Structures are given as structure tokens and as C-alpha cells.
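*Asks:* Questions regarding the structure given below will be posed in turn.
The values are calculated or read from the model by the stated rules, or taken from the named source; none is laboratory data. Note that the coordinates shown come from a computational prediction; the quantities given were computed from them, not determined experimentally. Neighbour counts run over all protein chains shown; Cβ positions are idealised from the backbone, glycine included. SASA here: full protein model, heavy atoms, side chains in, ligands and nucleic acids out. Shrake-Rupley method; radii C 1.70, N 1.55, O 1.52, S 1.80 Å.
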Amino acid sequence: MAGLVRFGISLDQELSQQFDELLVRKGYTNRSEAIRDLIRQDLVSRQWRDGSEIAGAITLIYDHHQRELLNKITDIQHDHQPVIISAQHVHLDHHHCLEILAVKGKSQDVAKLADTLKAVKGVKHSTLSMSTTGKGLS
Ligand code: NI
């Protein structure tokens, strides 16, 4: 890690108070780590927007009794190699399955895959959690 840079920040009293309340809510023990995380979050959001390579997770909840659903989901996953780097299937109950896909690729390709899976009939809920590969962040 390169050397530390220290700088002061001027905030009006109300914003400073809101920031301190945020620290308490989020469990930060100091302002520096909170500011570092805010900066990182903005940099990661930029990676998502500009089509950089990102990493993340797609979750799917579906009823596996739905006709043809498993075949469709499997076909889509095979069609989107190598974006999917790992898959975990959990049987939640007699009907429902939870599938967690670890993904890595260009943000638009990951988002397209998530949208395609979400649109399959029988998928009851789906989320995409976009994160970062960690490159370009310290
Ligand atoms: Ni299952």
C-alpha cells in the first residue's frame, strides 16, 4: 500500500451530525473508514456504469415443479459461460429451490444474464448483487 495521505474536511454542522449518526448506525468506529467506504462505493458504482469487469452474485428462488423451468435455467447458464464462475443449488422445501450464482464479467453481460434468468416463468424472486473484482481499489 502506498503512503497515507491525510486531509481535513469541512462540513456544515447538520451534515456533520448526520454523518456521525450514520457512523453509529453502520457500526463504524472512526470517520476515516466510513469515508474510505463511501469513496470505494462510488468507484465501484462507476465500474458498474462504465462496463468494467465486475464480480457479484445472482440469486434465484423458483418452484422446480414448474414445467420446463429447470431445463430453461440450465440452458441459460450454459449459454452464459464463462460469466458464471460457480453455482450452488439449495432445496429450500418440497417445492422451492434457491440458486446462487457467483458471476464475473462485464457489468452489462452480468446484468443481461440476471434479467434473462429473472424473466423465466416460475422464477418467483431474483436479485443481482453487483460488487467488484477488487482491481483498482485499495
Ligand atoms: Ni432444488
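*Asks:* On a 0 to 90° scale, report how tilted helix 107-118 is relative to the longest principal axis of the chain, with both axes built from alpha carbons and the result rounded to the nearest 10.
*Replies:* Tilt of helix 107-118: around 40 degrees.
*Asks:* Then there's this: Can you give me the accessible area per residue for the chain, using a 1.4 Å probe, in Å²? Spell out each step's value before the answer.
*Replies:* Details: 9650 Å² over 138 residues.
Heavy-atom accessible area per residue stands at 70 Å².
*Asks:* Short version: ³J(HN,Hα) in whole Hz for each residue of region 100-106, in order, from phi by Karplus 6.51 cos²θ - 1.76 cosθ + 1.60 (θ = phi - 60°), x for Gly and Pro, what are they?
*Replies:* For region 100-106, the Karplus-derived couplings read 10, 10, 7, 10, 8, x, 5 Hz, x marking Gly and Pro.
*Asks:* On the accessible surface of the chain, probed at 1.4 Å, how many percent belong to carbon and sulfur atoms?
*Replies:* Roughly 52 percent of what the probe reaches on the chain is carbon or sulfur.
*Asks:* Compute the separation of the alpha-carbon centres of region 23-48 and region 93-116 and state it in Å as a whole number.
*Replies:* Cα centroid to Cα centroid, the span is 26 Å.
*Asks:* Sum up the charges of everything whose Cβ sits under 14 Å from the Cβ of VAL103, counting Lys and Arg as +1 and Asp and Glu as -1, but leave VAL103 out. Don't jump to the answer; show the numbers that get you there.
*Replies:* Working: positive: LYS104, LYS106, LYS112, LYS118; negative: GLU53, ASP79, GLU99, ASP109, ASP115.
The answer is -1.
*Asks:* Can you pull the percent of Cα pairs in the chain with separation above 19 Å? Walk me through the intermediate numbers first.
*Replies:* On the way: 5809 of 9453 pairs.
Of all Cα-Cα pairs in the chain, 61 percent lie more than 19 Å apart.
*Asks:* How about region 43-138: which trypsin sites (Lys or Arg not before Pro) there lie in a loop by DSSP and see at most 16 other Cβ atoms within 10 Å?
*Replies:* ARG67, LYS121, LYS135
*Asks:* About the Cα centre of the chain, how large is the charge dipole given +1 on each Lys and Arg Cβ and -1 on each Asp and Glu Cβ? Please answer in debye to the nearest 20. Walk me through the numbers on the way to the answer.
*Replies:* Working: 17 positive and 17 negative charges, 45 e Å.
With Lys and Arg at +1 and Asp and Glu at -1, about 220 debye.
*Asks:* Step by step: find N for region 52-132, compute 2.2 N^0.38 Å, then divide the Cα radius of gyration by it. What's the final number? Provide the component values of the computation, followed by the final result.
*Replies:* Working: Rg = 12.0 Å, N = 81, 2.2 N^0.38 = 11.7 Å.
Compared with the compact-globule rule of thumb, region 52-132 sits at 1.03.
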